[in-house]
Amino acid sequence: MPCYSFGTANNIATSLRISTNNNTNVSSWNNYHLKKFDVGQVIAPEETYFFIEAFGYGVFPKLMKQLIKMDTDHIKTPEDEFKLALKTLHKICSSYKPFKAKIELDNKVFEGRFLLVEVMNIPSLGPNLKLSPDADPGDGYFDVLMVTENKRAALSDYISGIQQGKEKAFTIKSVRSKTANIYATCEDLHVDDQIIKEQATEKVKIKNMDSLLEIVVNNKKSMVL
């Protein structure tokens, strides 16, 4: 499996507390619960996209681009994949050029220079980074994470702590919203684990398709969402 795409499936399974053991999953189906799962719709100038993990700009799609270009033949285990991704992301965060953006979230407007803007549907992103721990993929809301230029150190310190195996909470809070309109001068964009290309200065509209999916999970008592 390509190193740049390992995050999405793992992050979704973790958000739903789905076991990596298929036998465990099958044995739980006699005591199942149908979990509502929202889908994000991205209406961009060139195309319409859909996401279940996240849509965003900045350091994470930049990470994906760099990992695609790397020789990863030496990567043998998922642990090695995570280490490489975290190391590369930490380096990117130290030097990434911030981009200008205007973000309209329901009735709130945010403007500034950002290292990342992520419209998240689940708590985790990329190499298992829990950036929005309270995000619930079935509540009809997105959790929009915005890391401004002056929060570079906070982002870098968090990634460094994860690299060292520390249980570290991310200190930058996301904003809950049903919709988002984003104007950004950034050419690093992604939808889930797909890099996309759009005109950097055009408006992108994001809508929440509330409870579009239903996923079989363990009974409610074992859920954390």
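What nm value, rounded to one decimal, do you get for the distance between VAL39 and ILE215 when each label is placed 7 Å out toward the C-beta?
Once both label points are built, they end up 1.4 nm from each other.
Does a label point 7 Å from the Cα of THR72, set along Cα-to-beta-carbon, have any residues of region 122-142 with amide nitrogen under 13 Å, and which are they?
126-128
Please give the solvent-accessible surface of LEU84 in Å², to the nearest 10, using a probe radius of 1.4 Å with every protein chain present.
So the heavy atoms of LEU84 present about 30 Å² to solvent.
Say the cut-off is 32 Å between C-alpha atoms; which of LYS36/LYS205; LYS76/LYS151; LYS76/LYS166; LYS65/LYS151; LYS108/LYS151 go over it?
Cα-Cα > 32 Å for LYS76/LYS151; rest within.
Excluding same-chain residues fewer than 8 positions from LYS35, which lysines have a Cα within less than 23 Å of its Cα?
By straight Cα distance, LYS35 reaches LYS130, LYS178, LYS207, LYS220, LYS221.
If the cut-off is a Cα-Cα distance under 12 Å, which aspartates and glutamates reach LYS102, setting aside same-chain residues fewer than 8 apart in sequence?
LYS102 reaches GLU111, GLU202.
Expressed as a whole number of Å, what is the distance separating the alpha-carbon centroids of region 128-151 and region 164-212?
9
Mind checking the full-extension length gain between ARG113 and ALA153? Use 0.36 nm per residue of separation minus the Cα-Cα distance, one decimal, nm.
Fully extending the segment from ARG113 to ALA153 adds 12.9 nm.
The values are calculated or read from the model by the stated rules, or taken from the named source; none is laboratory data. Predicted model only: the values in this text are computed from it and were never measured. Ideal geometry is used to build each Cβ from the backbone, glycine not excepted, and the neighbour counts take in all protein chains shown. Heads up: the accessible areas ignore ligands, DNA and RNA and are worked out on the full protein's heavy atoms, side chains in. Shrake-Rupley method; radii C 1.70, N 1.55, O 1.52, S 1.80 Å.
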